[in-house]
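The values are calculated or read from the model by the stated rules, or taken from the named source; none is laboratory data. Keep in mind the model is a prediction, meaning the values are calculated, not measured. Virtual Cβ from ideal backbone geometry, glycine too; neighbours counted across all protein chains shown.
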């Protein structure tokens, strides 16, 4: 029986019958799954509708049968009389497409079933005439296809010129268009519908046209609309849903502009405006102005805009490792940031995007640290030069263990990370409370043995991480100050305790602090220098009244180099001069900015209510606003700031304690 079915199927192919290609009740094509199912399950074929309607001739309308067969399965129609023809209309085959077109124009709403590729000698104009190719499609070469009016369907065809919809309604189903300009142009009053299976990239629609497509719409200044997912063919910038041919034109009409194509244009970004340069885009011209530029591409021209931030993507192996970036203050860099940390603001990264390892950074040198539990931490340097940057840091696996820190009364201790690799240094920072000092600091392993701890610098100790977990245990003891003129009932007692036991301020003698004595310029810079960790200073200051080797010489050189204080002149510092309250807060304000503290509280602080505000110098306004807003300074009486009053040593101790947090 199986051999008989094979003979039957072969006979069907010879006479032009095609079993298992149409549904008996609707004449619709069977799926390929059904076709191969019956081929493998031939007994069921004789019980199916396909046997009755195809083998027994159940399709009564022969023309309709062959028209359907030709449009869906042209490769099965080889034995029919239409074989080798160019096209057919209403069941009639034609040797040329032009002949079929002439026939179609005589019948309203006719469809031309196209069998072969067509070469056009002029524009093909259609009105109430549709073009349908076989499933594998046919191509039209030469001039444009123009829809003049009526209802026109284009299906299973490719156009090697533009589709012009000048009137009526056009549908495109499985249509590919290859054109140097817009693939489809839709005139005012015309309608164009495009299915998602089309290969159409650009549609230009005039004002008043109707378009239905999944492509992104971009409104134009003249009221027209461009539909495309690759808008770079029509302009170099987008803003407010519109496409612009120049960045300048986009900025003239919008506050936020995205550059989407490479340009040689000079770009001027006014204050309050933002330009985003897309990935892969190069701006060859200059970039200037007071606005903001977010650069995901490359700026190869001169950059004179201070607010240009380039995208940096630091990938990690393993994925999810923690990335931290610091910025160099003066462009200096070195292989190991830990021994030059005075050049760094703590964890300072400009405009961090909020995503681990992704940053928007201004030009300059940066240091990164990549860390993950179970891996050796990596440090490195990179430079941002007005171009997006992407690189990957791969960590080497290495044993790591946890460091726990016990709570202690009278102060606190902390380490920077939870896990450390074996053999690495662990730095412990201790912070005694006012009136306390560190008594003991132990690092203990689970077996009870202790790890050697060494002094590193003021309030900082370190040990080498062993091959096991450890616990850090600090203890603090209460101490009184050695100063007879500082009593526990004094309002500044806690402040003096803090600055004394943290090696920020000394007494004027072994037994006297002199809280009411005037503060001098040398005292202020020395205390700030100590708070910064007493970094090394290369060379002496330029001031002739600062003797080399004096107790304040290094502090003056450091403060002058970092813009915290200026001299009375180019060569005179005047170290013993008293400091006014407005001078003191100005120095503290500059120090806070140097260390990367948040000073934005001063932007909204109102100090106009103080009765003597008119005596505040203009240079000290921002500093005084910050100092008041951050509770660094108090008034001297009911409603007075006393900006010109001399700051006392007690007041200095109090302000330094508040600044330290």
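The figures follow:
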{"read-out": "Of all residues making up segment 140-166, the number that are more than 44 Å from the chain's Cα centre (by Cα), farther than 22 Å from residue 205 by Cα and outside any loop (DSSP other than H, G, I, E, B)", "value": "2"}
{"read-out": "Those residues of segment 436-474 which are over 24 Å from residue 533 (Cβ atoms) and touching a residue at least 60 places away in the same chain (Cβ under 8 Å), in sequence order", "value": "466, 467, 468, 469, 470, 471, 473"}
{"read-out": "Among the residues listed as 529, 498, the single one being out of contact with any strand residue (DSSP E or B) (no Cβ under 7 Å at 6 or more places or on another chain), assigned by TED's automatic domain parsing to the domain that holds residue 574, closer than 13 Å to residue 656 by Cβ and modelled with pLDDT of 90 or more", "value": "529"}
{"read-out": "Which numbered condition residue 186 fails, given (1) modelled with pLDDT under 95; (2) within 19 Å of residue 215 (Cβ to Cβ); (3) touching a strand residue (DSSP E or B) at 6+ places or on another chain (Cβ under 8 Å)", "value": "(1)"}
{"read-out": "For residue 412: the one exception among (1) surrounded by fewer than 19 Cβ atoms within 10 Å (Cβ to Cβ); (2) over 17 Å from residue 458 (Cα atoms); (3) modelled with pLDDT of 90 or more", "value": "(2)"}
{"read-out": "Residue check for residue 232: more than 20 Å from residue 281 (Cα to Cα) and either surrounded by fewer than 20 Cβ atoms within 10 Å (Cβ to Cβ) or outside the structural domain of residue 269 (by TED's automatic domain parsing) (or both)", "value": "no"}
{"read-out": "Residue match in segment 223-231 (condition: touching a residue at least 40 places away in the same chain (Cβ under 8 Å) and outside any strand (DSSP E or B))", "value": "no"}
{"read-out": "From the options 483, 476, 463, 513, residue that is modelled with pLDDT of 85 or more, surrounded by 15 or more Cβ atoms within 10 Å (Cβ to Cβ) and under 19 Å from residue 579 (Cα atoms)", "value": "513"}
{"read-out": "Segment 188-206, residues that are more than 22 Å from residue 232 (Cβ to Cβ) and either in contact with a helix residue (DSSP H, G or I) (Cβ under 8 Å, 6 or more places away or on another chain) or surrounded by 17 or more Cβ atoms within 10 Å (Cβ to Cβ) (or both)", "value": "190, 191, 192"}
{"read-out": "Residues located in segment 425-456, provided they are surrounded by fewer than 16 Cβ atoms within 10 Å (Cβ to Cβ) and not in a strand (DSSP E or B)", "value": "445, 446, 447, 448, 449, 452"}
{"read-out": "Yes/no for residue 394 being touching a strand residue (DSSP E or B) at 6+ places or on another chain (Cβ under 6 Å), more than 26 Å from residue 659 (Cβ to Cβ) and touching a residue at least 40 places away in the same chain (Cβ under 8 Å)", "value": "yes"}
{"read-out": "Selection within segment 167-186 - under 26 Å from residue 135 (Cβ atoms) and assigned to a strand (DSSP E or B)", "value": "169, 170, 171, 172, 173, 174, 175, 176, 177, 184"}
{"read-out": "Residue within segment 259-266 that is under 21 Å from the mean Cα position of the chain (by Cα), surrounded by 16 or more Cβ atoms within 10 Å (Cβ to Cβ) and under 30 Å from residue 374 (Cα atoms) present", "value": "no"}
{"read-out": "Unique match (being touching a helix residue (DSSP H, G or I) at 6+ places or on another chain (Cβ under 9 Å), surrounded by fewer than 17 Cβ atoms within 10 Å (Cβ to Cβ) and over 22 Å from residue 295 (Cβ atoms)) among 221, 217, 270", "value": "221"}
{"read-out": "Check on residue 534, free of Cβ contacts under 8 Å to residues at least 12 places away in the same chain, in a loop (DSSP other than H, G, I, E, B) and surrounded by fewer than 19 Cβ atoms within 10 Å (Cβ to Cβ)", "value": "no"}
{"read-out": "Selected residue (criterion: farthest from residue 654 (Cα to Cα)) from residues of segment 405-424 that are touching a residue at least 24 places away in the same chain (Cβ under 8 Å) and part of a strand (DSSP E or B)", "value": "421"}
{"read-out": "Answer from 522, 547, 557, 540 - the residue that is in the same structural domain as residue 573 (by TED's automatic domain parsing), in a helix (DSSP H, G or I) and farther than 26 Å from residue 483 by Cβ", "value": "557"}
{"read-out": "One residue from 51, 70, 88 being at pLDDT below 80, within 17 Å of residue 155 (Cβ to Cβ) and not in a loop (DSSP other than H, G, I, E, B)", "value": "70"}
{"read-out": "Test: residue in segment 471-481 that is over 48 Å from the mean Cα position of the chain (by Cα), under 28 Å from residue 550 (Cα atoms) and in a loop (DSSP other than H, G, I, E, B)", "value": "yes"}
